[in-house]
Amino acid sequence: MSYRVAFLDLDDTLYPPASGVWNAIGERIQVFMMDRLGLSYEQATGLRRRYFEEYGTTLNGLWHNHAVDPQEYLAFVHAVPLEEMLERDPDLAGMLRELPQQRVVFTNANRQHAERVLACLGITHEIDAIVDLFALEMVNKPEPAAYQRAMALAGVDDPAACVLADDLPRNLHPARSMGMTTVLVGPGPADGGADVHIQRINDLVAALPRLREPIDG
Ligand SMILES: [Mg+2]
């Protein structure tokens, strides 16, 4: 069985955490919660952690419990100077271009943010599709239904034909249980429970040479 789809998480996976992007978004999330819910910084931190654990994203917790409008929230928290924080990555573009698989960004963020990130990295044309929070109908990673939906949208029905690269072990666990090949990207724990652990997404093909195999059938 050759791989047909490479699912790639976006934030902290296609660019390194050291870029500061995710920290900057996190600060905007804090401000949004303090402003909307009248919380102190510490209270916002605590609630954010709780929602992240219980709902997979802060947004999903805010949506379920406080009727926050997802589009408004996402526009606010993603208003960070990505263009100053991310650089074009020609090596990554080259690696992706040579993959015979369908390359699908699979993210709990929204399409607008994903498209901006891809443009900053210079890999817009190396990505075939984006499965975002709205394509997932607000049922995001790590909910098992999110992976089923992503596969359906990518037109595959066999998890064994899929690879998922993500910086969060908890987003990889359901995929691995289903039978996808999982790749932990970045400084995550050595016992992250993934099939493969790489420091940078650019090492993907070197760590998983089967990705080079032409697609059969
Ligand atoms: Mg991520």
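Where helices (runs of 4 or more DSSP H) fall wholly inside segment 15-96, the ranges with 2 or more residues that are among the basic types (K, R) are 21-37, 41-55. Among residues that are more than 21 Å from D166 (Cα to Cα) and either more than 14 Å from the ligand (Cβ to nearest atom) or of a type in the set (V, I, T) (or both), L37 is included.
Within segment 86-96, if we keep just the residues that are in contact (Cβ under 8 Å) with a residue 24 or more places away in the chain and not aliphatic (A, V, I, L, M), the residue that is farthest from the ligand (Cβ to nearest atom) turns out to be P90. Checked against the criterion of being in the same structural domain as T107 (by TED's automatic domain parsing) and within 16 Å of the ligand (Cβ to nearest atom), the candidates P169, P159, P144 yield just one match: P169. Taking A44, is it farther than 14 Å from N108 by Cβ and more than 15 Å from the ligand (Cβ to nearest atom)? Here the answer is yes, as A44 does meet what is asked.
Each row is one residue, and each column tells you yes or no for (1) within 16 Å of the ligand (Cβ to nearest atom); (2) loosely packed, with under 13 Cβ neighbours inside 10 Å; (3) within 16 Å of the chain's Cα centre (by Cα); (4) not aromatic (F, W, Y).
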residue: V5; (1), (2), (3), (4): no, no, yes, yes
residue: L14; (1), (2), (3), (4): yes, no, yes, yes
residue: M33; (1), (2), (3), (4): no, no, no, yes
residue: E72; (1), (2), (3), (4): no, yes, no, yes
residue: E84; (1), (2), (3), (4): no, yes, no, yes
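Report whether or not H113 is assigned to a helix (DSSP H, G or I) and either aliphatic (A, V, I, L, M) or more than 21 Å from G20 (Cα to Cα) (or both). The answer is no for H113. Enumerate the pairs (first residue in segment 145-173 and more than 13 Å from T107 (Cβ to Cβ); second residue anywhere and away from the ligand (no atom under 16 Å from the Cβ) and of a type in the set (S, T, Y)) with beta-carbon separation below 7 Å, excluding pairs fewer than 6 apart on the same chain, so at least 6 apart or on different chains. From segment 145-173, the pairs are A161/Y3; C162/Y3; V163/Y3; V163/T181. Within segment 160-173, is there a residue that is buried (at least 20 other Cβ atoms within 10 Å of the Cβ) and more than 16 Å from D9 (Cα to Cα)? So far as segment 160-173 goes, yes, one or more of its residues are buried (at least 20 other Cβ atoms within 10 Å of the Cβ) and more than 16 Å from D9 (Cα to Cα). When A206 is tested against (1) over 24 Å from I123 (Cα atoms); (2) not in a loop (DSSP other than H, G, I, E, B), exactly one condition is not met: (1). Per the conditions (1) assigned by TED's automatic domain parsing to the domain that holds G122; (2) surrounded by fewer than 21 Cβ atoms within 10 Å (Cβ to Cβ), the sole criterion not satisfied by V105 is (2). Of all the residues in segment 97-114, those that are within 16 Å of V5 (Cβ to Cβ), within 14 Å of the ligand (Cβ to nearest atom) and not polar (S, T, N, Q) number 2.
The values are calculated or read from the model by the stated rules, or taken from the named source; none is laboratory data. Everything numeric in this text was worked out from a predicted model, so none of it was measured. Neighbour counts run over all protein chains shown; Cβ positions are idealised from the backbone, glycine included.
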